[in-house]
1. Check A:Glu86, A:Glu99 and return the single one that is more than 16 Å from the ligand (Cβ to nearest atom) and assigned to a loop (DSSP other than H, G, I, E, B).
2. What is the one condition in (1) within 7 Å of chain B (Cβ to nearest Cβ); (2) within 12 Å of the ligand (Cβ to nearest atom) that A:Tyr7 does not satisfy?
3. Going by the structure shown, is A:Leu106 assigned to a helix (DSSP H, G or I) and at pLDDT 90 or above?
4. So, in segment B:44-66, exactly how many residues are in contact with a Phe, Trp or Tyr (Cβ under 7 Å, 6 or more places away or on another chain) and either farther than 12 Å from A:Leu56 by Cα or among the acidic types (Asp, Glu) (or both)?
5. Looking at segment A:26-41, I want the residues that are within 19 Å of A:Leu200 (Cα to Cα) and within 12 Å of the ligand (Cβ to nearest atom) and have a partner that is of a type in the set (Asp, Glu) and assigned to a helix (DSSP H, G or I) with Cβ atoms under 8 Å, at least 6 apart or on another chain. Which pairs are those?
6. Could you list, ordered by first residue, the pairs with Cβ atoms under 8 Å in which the first is in segment B:29-51 and within 11 Å of another protein chain (Cβ to nearest Cβ) and the second is of a type in the set (D, E, K, R), at least 6 apart or interchain?
7. Considering (1) out of contact with any His (no Cβ under 9 Å at 6 or more places or on another chain); (2) surrounded by 14 or more Cβ atoms within 10 Å (Cβ to Cβ); (3) within 12 Å of chain B (Cβ to nearest Cβ), say which one A:Pro103 fails and leave the rest.
8. Could you please tell me which pairs satisfy a Cβ distance under 7 Å, a separation of 6+ or placement on different chains, a first residue in segment B:130-144 that is facing chain A (nearest Cβ under 7 Å) and more than 17 Å from A:Tyr17 (Cβ to Cβ), and a second residue that is surrounded by fewer than 13 Cβ atoms within 10 Å (Cβ to Cβ) and modelled with pLDDT of 75 or more?
Amino acid sequence: MIHAVKYHPTLELLEQYIEASLAPQVSLAIAAHLDLCPHCQRMKMDLEAEAGAALLSLPEAQTAETDWQQMLDFITAQPEVAVKAEQRQPFTLHIQNSEILLPASLKPLLQTKLKWFNLGGISTAKLAGEDQHNVSLLYIRKDSEVPQHTHLGLEITLVLKGKIYDESGCYGEGDLLINTPDHTHTPRTKSEDCLCLSVLTAPLKFKKGLTRLLNPLQHLFY
Amino acid sequence: MLDPTSVQRHDDRNYQRPDIQGSMSIQPPDNAQWEQALTFIAADRDKKAYSQLFSYFAPRLKAFGLKMFGNEQQAMEMVQDTMLNVWQKARLFDASRGCASTWIFTIARNVRFDMLRKKQSRKDELSADDLFFDGDYPEQEGTDSNEWDLWLLAEKVAPHFAKLPPAQRDVMEKVYLEEKSHQEVSEELAIPLGTVKSRIRLALDRLREAIDDPRS
Ligand SMILES: [Zn+2]
């Protein structure tokens, strides 16, 4: 069933995504959202088209003609490689006694058996993590409440299945939520189980005074 | 609403994002020429077509790389890997999906991502090809609507209209104020029809965000 996605990444976040400037784990959450959201798929293509047009109009950077020629000769001496266009299909995974359809972006992270940790109505399984950038699945049984928790960085949640509620609304399949540390909220489920992708990012570092001035929300991160 | 600029960057550097919007008003050279070149390369490994494409794109990719990496060596590595991909994978280019310049940009972006990843010596469980999917998504029911067009009639949009990037504003003015068809605007501004449509979508999204923003 297609659920109309209500919560999207901002256009600015998509712009950073399409130029690969976000932390890879954040990009993963965006990529999985794109799998579920035709609206943002189109925005991605539009932004890439604009970035391509900008590339066409960039002034040339100087390099010695001989260096270019050398690079050109090297490249054209390389053999063609066999390539075929990729297909992008969602896939199913057996999670907590049910078959769940998941976005294709998550597939590379789900090649090994998941290790679930259970706590009350909530189970988590870590998919990837490094530098405190944690990617995990969160399975919340119906009528459960996620205990209040703190984190120093951002918390990104993508709803993959079911619905989750908090003080400000109801989030369904495909909805992407980004919470800063000072958003205290108590997400809970009602009559159905809910599966989410959760990305926790490292505390943000602001090294320079200038960055502080440029970013009015910076104080949120201390 | 969260300020997305506060999300930690992959490359951990402060650089100026390329001024995509600002440069849009300059008319890019004919993309059709490069589409044709890619077709020749895919069909016959046409070195002459490739060498023309190389002369045009390599120095521009280098400028892009300098902006993104801030150093010559990595910029040149990005150029070489990108242009090598263009040579070896020209068959993957599909003109029905987008312009030649769009395709080349996405390759450069993926090369850049994988370079940063390699520098941090990460396992490649998160690779550019997975994170930046470039093929067709499975068909889904359209969830888009033109309801936002109606907002343009509302006064609350007006103050944000002026803040649109110039290229998007030009298109929007012609379509919504002068009531021209997309085709007419395409001919008048000498830009492809697809570009007219995509600028309208981007502008509508920008306006929608501006209106949604509680600070405004
Ligand atoms: Zn979306």
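The values are calculated or read from the model by the stated rules, or taken from the named source; none is laboratory data. Quantities reported herein were computed from a predicted structural model and do not represent experimental measurements. All Cβ positions, glycine included, derive from the backbone under ideal geometry; neighbour counts span all protein chains shown.
1. Selected residue: A:Glu86, the only one of A:Glu86, A:Glu99 that is more than 16 Å from the ligand (Cβ to nearest atom) and assigned to a loop (DSSP other than H, G, I, E, B).
2. The one condition A:Tyr7 does not meet is (1).
3. Spelling it out, A:Leu106 is indeed assigned to a helix (DSSP H, G or I) and at pLDDT 90 or above.
4. Residues in segment B:44-66 being in contact with a Phe, Trp or Tyr (Cβ under 7 Å, 6 or more places away or on another chain) and either farther than 12 Å from A:Leu56 by Cα or among the acidic types (Asp, Glu) (or both): 3 in total.
5. Close Cβ pairs satisfying both conditions: A:Ala31/B:Asp130.
6. B:Ala42/B:Arg91; B:Arg45/A:Glu80
7. Of (1) out of contact with any His (no Cβ under 9 Å at 6 or more places or on another chain); (2) surrounded by 14 or more Cβ atoms within 10 Å (Cβ to Cβ); (3) within 12 Å of chain B (Cβ to nearest Cβ), only one is false for A:Pro103: (1).
8. Pairs found: B:Pro138/A:Gln89.
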